[in-house]
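The values are calculated or read from the model by the stated rules, or taken from the named source; none is laboratory data. Computed from a predicted structure; not experimentally measured. Because the Cβ atoms are built from the backbone with ideal geometry, glycine has one as well, and the counts that use them run over all protein chains shown.
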Amino acid sequence: MSATTSLTMAARDHSEETAAAIRMAREVGAYLRGARRGNALVKQPHGETYLDVTTRADLEAERMAIDALSRAFPHDHILSEETRVEYSPEWERTWIIDPLDGTTNYVKGLDTYAVSIAFAFRGRVVAAAVCLPATGDVYHAACGRGVFRNEHPLPFAGPDDTLAQSLVSVGFPHTRTRDVATRAFNLYKDLWLASSDLRRSASAVFDGCLLASGVTGAYLTPDIKPWDIAASSLFIEEQGGIATDFSGQPFNLFRRVGDRFSTSALLAKNTTIHAATLGIVAGYP
């Protein structure tokens, strides 16, 4: 069986999951738009820093997604930012969801927040949908089918862009100490000098859509969770880009450090940008 045939079969086999992800992302996005006014903080649930906030909208959006997915796929596992259930590599079918990525942006009135619904088969993300509620745009992808925005194939910038020509989106580490901040800002100083400029939206899912659209040339972060990167990793691979960790190896979406998920991520739209960026981040501890 050829690689093309294999990919086509994979996409066909997961068409139901793709449709469910699109439907759920759109429904949760519509709910978030309506719930935003008067939305109050209710708790700081997992407490790495005082900024780890959750809202009533987070919890309701998660309930909507989990209830719908559980009804449609009662035997599947669901990994969510708010529930933080333990992941097992023995799970064959896993939904990885972030009902509201960019909670602080959402609360502060910024439009850079997103809904992410991804489906992994045997540990590999094969279908995903993202809604950007502020604009109503819905991005989706299935393995071997490419990336779509609002049901239309998503254009992608040419492959000849260099790091020097590219905007680069970055994420900050979750741990807030002076030592961690010094290392991160030294890294971003070097990256800023080598690129056109840096951007930070504080929503990895939103940044993944920028990269999939070719607006940015790369996205990187030293510390990310599976629900924040699952959809983006599929989007960039379907666009012909590259997704690795800071060592240049395919990143382990479910890598754990101690009792929490954590992996570095470097997503780039071509090999030229990836190689140049990797040369900068490779020494990062």
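Here are the numbers:
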quantity	calculated
Subset tally (residues that are in a strand (DSSP E or B) and in contact with a Phe, Trp or Tyr (Cβ under 9 Å, 6 or more places away or on another chain)) for the range 243-262	4
Enumeration of residues in the range 162-182 that are out of contact with any helix residue (DSSP H, G or I) (no Cβ under 7 Å at 6 or more places or on another chain), exposed (fewer than 14 other Cβ atoms within 10 Å of the Cβ) and not in a loop (DSSP other than H, G, I, E, B)	Q165, R178, D179, A181, T182
Residues located in the range 104-126, provided they are in a loop (DSSP other than H, G, I, E, B) and under 16 Å from the mean Cα position of the chain (by Cα)	T112, Y113, G123
Answer from Y87, Y113 - the residue that is touching a residue at least 60 places away in the same chain (Cβ under 8 Å) and within 30 Å of D13 (Cβ to Cβ)	Y87
Positions within the range 219-242 being outside any helix (DSSP H, G or I), more than 16 Å from T271 (Cβ to Cβ) and among the β-branched types (V, I, T), in sequence order	T221, I224
Lone unmet requirement of (1) more than 22 Å from T112 (Cβ to Cβ); (2) at pLDDT 95 or above; (3) under 14 Å from the mean Cα position of the chain (by Cα) for Y219	(1)
Residue in the range 200-221 that is exposed (fewer than 14 other Cβ atoms within 10 Å of the Cβ), farther than 30 Å from P89 by Cβ, in the same structural domain as I273 (by TED's automatic domain parsing) and among the basic types (K, R) present	no
Of the criteria (1) under 23 Å from T104 (Cβ atoms); (2) over 20 Å from the mean Cα position of the chain (by Cα); (3) at pLDDT below 95, which one D179 fails	(1)
Residues of the range 183-204 classified as farther than 12 Å from T221 by Cβ and either assigned to a helix (DSSP H, G or I) or of a type in the set (F, W, Y) (or both), total	8
Filter result (surrounded by 15 or more Cβ atoms within 10 Å (Cβ to Cβ) and more than 17 Å from L278 (Cβ to Cβ)) within the range 185-197	S196
Single residue of the range 263-285 satisfying the filter (outside any strand (DSSP E or B) and among the hydrophobic types (A, V, I, L, M, F, W, C)) that is surrounded by the most Cβ atoms within 10 Å (Cβ to Cβ)	I273
P74 vs. criteria at negative phi, in contact with a Gly (Cβ under 7 Å, 6 or more places away or on another chain) and not assigned by TED's automatic domain parsing to the domain that holds N252	no
Residue match in the range 155-174 (condition: assigned by TED's automatic domain parsing to the domain that holds N252, of a type in the set (S, T, N, Q), under 13 Å from the mean Cα position of the chain (by Cα) and closer than 23 Å to L32 by Cβ)	yes
